[in-house]
Amino acid sequence: MRSIRRCLDDFPTLHQTVAGGRRLVYLDSAATAQKPYPVIEVVRRFYERDNANVHRGVHTLAERATEAYERARQAVARFIGAPDPACVIFVRGATEALNLVARSWAEPRLRPGDEIVLTLMEHHSNLVPWQMVAQATGAKLCYVDLLPDGTLDLESYDRLLGSGRVRIVTFTHQSNVLGTINPVREMVDRAHQVGAVVVLDGAQSVPHMPLDVKALGCDFLAFSGHKMMGPTGVGVLWGRRELLEEMPPLFGGGEMIREVYLDHATWNDVPYKFEAGTPPIAEAVGLGEAVTYLESLGMENVRAHEDEIAQYAVQRLRAFDDIRIYGPLAQPRGGVVSFNVEGVHPHDVATILDREGVAVRAGHHCALPLMRWLDVPATVRASFYVYNTAEDVDALVAALHSVRAIFSRVQK
Ligand SMILES: Cc1ncc(COP(=O)(O)O)c(C=O)c1O
């Protein structure tokens, strides 16, 4: 097993200086993760040796490319505990996966008055597609409330499920703003009791914790490759086979067909029915390698490491009397810590931190309804991954002292 303590050596981007010679402290993995050498190498090797289109040619390179692409599908299936690799569909990212379910599964089925249950902590990618479906079908969007600590109000969830009209429940496994980890199994069971289909947004959970779709019981799972050390431009929709079989393809084109006539066509099997055109081949191969890399660290270890760092960050940030942290302070929470410094705009905080070599994200984090609930325009977000250390948190804290020093000077 690879050691998390030593894995920093595997990430070339993290071995550079920025901001006039300062060590780069990368605390923005919730936006996108850095890539380890094995992933970079496998993509390079693919283009150097195996580059060809998949499922088309019978020549050697075409066979190698196809084999590598399908091996990546198997690796991803294994990683999420999916017994059938054919239920792993390669798409461009979590956003495309969620749109695919919304458009292809939900839109043809929903009728006026049917209800879609979401939460107030959704990323726009798991919000706007459902708004579009609701507009197209006359279905109603219903939101689970949050408790003051940024966890879901499960009583409000039960009340919504009690309407008898809920067809779809969709929510994020882990909030990209609050770090809240939602009780998926419990929520899935309650949704299934009322006959709803559950769509889980795993963009912030699949990269960070052990996850098994059988144990979670969800019907669909969406996630992105780039947030889990894979390349950009590839992501996954996993779905239960019966549901995938029922869904029409979203895009028409090459590879997704069985027969084409002048006036109609018939569809290929799952998953190819959903993979029209040339797929992201090298990207999928890179994602397969990222999965293998994460497995070599052990997902239990990944989760434990991030937990330790996030707890340490929360503890150090709480020592500032002018910093407000959003989201649960206690367990379970993920490796995302959002906060604001009193009297300083988050963009100013992020700019000053950047000058100290500390990369964080400031903004609404594609969660505007949540920002309104928090009653802030934006937050600063530090997000952690396996390559972060307690030293990185110390660097963040030291840089926050600079923010305070600069702003107290400005205010005088
Ligand atoms: C919770 C959540 N869902 C969905 C997405 C969308 O992912 P992508 O932009 O890779 O499609 C993100 C990205 O930040 C996210 O944090």
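Of the residues making up segment 357-375, those that are touching a residue at least 12 places away in the same chain (Cβ under 8 Å) and outside any helix (DSSP H, G or I) number 11.
When residues of segment 259-285 are filtered for being among the small types (Gly, Ala, Ser), out of contact with any helix residue (DSSP H, G or I) (no Cβ under 7 Å at 6 or more places or on another chain) and surrounded by 17 or more Cβ atoms within 10 Å (Cβ to Cβ), how many remain?
If we filter segment 259-285 for residues that are among the small types (Gly, Ala, Ser), which is where we start, we get 265, 276-277, 282, 284.
Adding the requirement that they be out of contact with any helix residue (DSSP H, G or I) (no Cβ under 7 Å at 6 or more places or on another chain) leaves 265, 276-277.
From the residues that got through so far, the ones that are surrounded by 17 or more Cβ atoms within 10 Å (Cβ to Cβ) too are 276.
The qualifying residues number 1.
Only one of the listed residues (Arg316, Arg333) is of a type in the set (D, E, K, R) and open to solvent by 60 Å² or more (accessible area, probe 1.4 Å). That residue is Arg316. Which of (1) more than 19 Å from Met209 (Cβ to Cβ); (2) more than 18 Å from the chain's Cα centre (by Cα) is the odd one out, the single condition Ala102 does not satisfy? So the condition that Ala102 fails would be (2). Taken over segment 119-133, residues that are in a helix (DSSP H, G or I) and either within 13 Å of the ligand (Cβ to nearest atom) or within 16 Å of Leu154 (Cβ to Cβ) (or both) amount to 6.
Restricting attention to segment 58-79, does a residue exist that is in contact (Cβ under 8 Å) with a residue 12 or more places away in the chain, under 22 Å from the mean Cα position of the chain (by Cα) and within 16 Å of the ligand (Cβ to nearest atom)? Yes, segment 58-79 has at least one match.
Based on this model, can you work out whether Thr389 counts as at negative phi, open to solvent by 30 Å² or more (accessible area, probe 1.4 Å) and among the hydroxyl-bearing types (Ser, Thr, Tyr)? Walk me through it before giving the result.
Working: at negative phi: yes; open to solvent by 30 Å² or more (accessible area, probe 1.4 Å): yes; among the hydroxyl-bearing types (Ser, Thr, Tyr): yes.
So Thr389 passes the test.
Can you report the number of residues in segment 14-51 which are within 16 Å of the ligand (Cβ to nearest atom), in contact with a Lys or Arg (Cβ under 9 Å, 6 or more places away or on another chain) and closer than 19 Å to Ala290 by Cα? Total satisfying the criteria: 6. If the condition is being under 20 Å from Ala310 (Cα atoms) and out of contact with any Leu (no Cβ under 8 Å at 6 or more places or on another chain), then segment 23-37 contributes Asp28, Ser29, Ala30, Ala31, Thr32, Ala33.
Selection over segment 96-109 of residues that are assigned to a loop (DSSP other than H, G, I, E, B) and crowded, with 22+ Cβ neighbours inside 10 Å gives a count of 0. Taking the numbered list (1) surrounded by fewer than 22 Cβ atoms within 10 Å (Cβ to Cβ); (2) away from the ligand (no atom under 15 Å from the Cβ); (3) β-branched (Val, Ile, Thr) in turn, Ile116 passes all entries but (1). For segment 221-265, filtered to residues that are among the hydroxyl-bearing types (Ser, Thr, Tyr) and within 16 Å of the ligand (Cβ to nearest atom), the residue that is farthest from Lys35 (Cα to Cα) is Ser224. Here the condition is being in contact with a Phe, Trp or Tyr (Cβ under 6 Å, 6 or more places away or on another chain), closer than 25 Å to Ala203 by Cβ and within 16 Å of the ligand (Cβ to nearest atom); of Ala367, Ala378, Ala359, Ala382, it holds for Ala359 alone.
Quick check, is Tyr326 in contact with a Cys (Cβ under 8 Å, 6 or more places away or on another chain) and within 28 Å of Met228 (Cα to Cα)?
On the way: in contact with a Cys (Cβ under 8 Å, 6 or more places away or on another chain): no; within 28 Å of Met228 (Cα to Cα): yes.
No; evaluated as a whole, the condition is false for this residue.
Would you pick out the residues in segment 196-216 that are farther than 20 Å from Tyr143 by Cβ and more than 11 Å from the ligand (Cβ to nearest atom)? Across segment 196-216, the qualifying residues are His208, Met209, Pro210, Leu211, Asp212, Val213, Lys214, Ala215, Leu216. Every test in (1) over 17 Å from Phe79 (Cα atoms); (2) acidic (Asp, Glu); (3) open to solvent by 30 Å² or more (accessible area, probe 1.4 Å); (4) under 21 Å from the mean Cα position of the chain (by Cα) is passed by Glu289 save one, and that test is (1). Of everything in segment 332-356 that is assigned to a strand (DSSP E or B) and closer than 19 Å to Ile181 by Cβ, the residue that is nearest to the ligand (Cβ to nearest atom) is Val336. Across segment 256-281, what is the total count of residues that are polar (S, T, N, Q), part of a loop (DSSP other than H, G, I, E, B) and more than 27 Å from the chain's Cα centre (by Cα)? The qualifying residues number 1.
The values are calculated or read from the model by the stated rules, or taken from the named source; none is laboratory data. Small disclaimer: the values here were computed from a predicted structure and weren't measured. Here Cβ is always computed from backbone atoms with ideal geometry, including for glycine, and neighbour counts include all displayed protein chains. These accessible areas exclude ligands, DNA and RNA; they are computed on the full protein's heavy atoms, side chains included. Shrake-Rupley method; radii C 1.70, N 1.55, O 1.52, S 1.80 Å.
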